[in-house]
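Visitor: Below: one structure in structure tokens.
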Amino acid sequence: MKRIIPSVASANQLYLADELKAFPEGTPLHMDIEDGNFVNNITFGMRVVRSIANMFPKNPMCFHFMATNPSQYFEEIAKCGAREVAVHFEELPYPSEELCAIRKLGMKAGLAINLRTPIEQVVPFFEYLDFLLVMTMDSGYGGTNGLGFCFSNHERIKKARALLPADKELWVDGAMDETEMGNCFALGADVVIAGRMIFPEKLATATEPRRAYLPSERAVKSEELLRQYTEKYCK
């Protein structure tokens, strides 16, 4: 079943509870954990993760660790009810150990790869994972670093789907717009992570800087955008 999962890091952080409670119960929430080391950006600590888990216990959380030593967080997020967890191949000396550790705690294990990592390099680890997360831009500053969807990723997505066993999911994340969302699903993606598509930003003008919209300012509410995109691409 195809899915679109909203990325919590793209929500207006000053109104995070309001942003998330607008989604229907059962809506998965994508949590990027960025630590300022593996990538330059910093997102959420475990205190915020626990708060979200406590406030929205019926919204399953999936995690994408762009962090050094991600295994230090596994037991904590398992207690928070994490369902799916992706760790970066580029950070792991022994990827199979990390993936098995995730599964041992009852979560689905994913391996994420950056632009520079060939798909073929992670084939030996397919037996240990439940999903492969293909980044379509460099990690760290989603929607804010001036880089759009890299078109060479069409071939990467196609190749990943061809190499992955049928029972493994293919996830795609990074610089997504509606055109590329359609392309990703057409090329075989099972899951697309949507950030600014669901939580649009106000673009910079000559007199006003770029900023996150307040929830009340959006012409179309985030929950409605998610519903529309899901009906269009996930049937």
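The values are calculated or read from the model by the stated rules, or taken from the named source; none is laboratory data. Since this is a predicted model, take the numbers as computed values, not measurements. Please note: Cβ atoms are built from the backbone with ideal geometry, for glycine as well, and neighbour counts cover all protein chains shown. The area values use the complete protein model at the heavy-atom level, side chains included, leaving out ligands, DNA and RNA. Shrake-Rupley method; radii C 1.70, N 1.55, O 1.52, S 1.80 Å.
Visitor: Let me spell it out: the conditions are (1) out of contact with any Pro (no Cβ under 7 Å at 6 or more places or on another chain); (2) open to solvent by 80 Å² or more (accessible area, probe 1.4 Å); (3) more than 26 Å from Gly182 (Cα to Cα); (4) not β-branched (Val, Ile, Thr), and Phe44 meets all of them except one. Which number is the exception?
Guide: So the condition that Phe44 fails would be (2).
Visitor: Condition first: assigned to a loop (DSSP other than H, G, I, E, B), more than 18 Å from the chain's Cα centre (by Cα), modelled with pLDDT of 95 or more and within 18 Å of Gly188 (Cβ to Cβ). Can you find one or more residues in the range 141-156 that meet it?
Guide: No: the range 141-156 contains no residue that is assigned to a loop (DSSP other than H, G, I, E, B), more than 18 Å from the chain's Cα centre (by Cα), modelled with pLDDT of 95 or more and within 18 Å of Gly188 (Cβ to Cβ).
Visitor: How do the pairs read when you match residues in the range 59-86 that are β-branched (Val, Ile, Thr) with residues anywhere that are at pLDDT below 95, using Cβ under 9 Å and keeping only pairs 6 or more apart or on different chains?
Guide: Between residues of the range 59-86 that are β-branched (Val, Ile, Thr) and residues that are at pLDDT below 95, the close pairs are Thr68/Asp35; Thr68/Asn37; Thr68/Phe38; Thr68/Glu91.
Visitor: A further question follows. When only residues in the range 6-41 that are of a type in the set (Phe, Trp, Tyr) and open to solvent by less than 70 Å² (accessible area, probe 1.4 Å) count, which is farthest from Gly81 (Cα to Cα)?
Guide: Phe38
Visitor: Only one of (1) buried (at least 19 other Cβ atoms within 10 Å of the Cβ); (2) within 29 Å of Leu16 (Cβ to Cβ) fails for Arg156. Which number is that?
Guide: It fails just one condition, (2).
Visitor: Testing Ala175 on (1) of a type in the set (A, V, I, L, M, F, W, C); (2) open to solvent by 80 Å² or more (accessible area, probe 1.4 Å); (3) in a loop (DSSP other than H, G, I, E, B), one condition comes back false. Which one is that?
Guide: Single failed check for Ala175: (2).
Visitor: Can you pull out the strands (runs of 3 or more DSSP E) entirely within the range 1-98 that have at least 1 residues that are acidic (Asp, Glu)?
Guide: 29-34, 82-88
Visitor: Okay, next question. Here's a check for you: in the range 178-199, which residue that is assigned to a loop (DSSP other than H, G, I, E, B) and open to solvent by less than 40 Å² (accessible area, probe 1.4 Å) is farthest from Leu14 (Cα to Cα)?
Guide: Ranking the candidates gives Gly188 first.
Visitor: Return the pair list, or none, for Cβ contacts closer than 8 Å from residues in the range 127-139 that are closer than 13 Å to Asp173 by Cα and touching a residue at least 60 places away in the same chain (Cβ under 8 Å) to residues that are part of a strand (DSSP E or B) and among the charged types (D, E, K, R), at least 6 apart or on different chains.
Guide: Note: pairs meeting the criteria are Phe131/Glu84; Phe131/Lys108; Phe131/Glu169; Leu133/Asp173; Ser139/Glu34.
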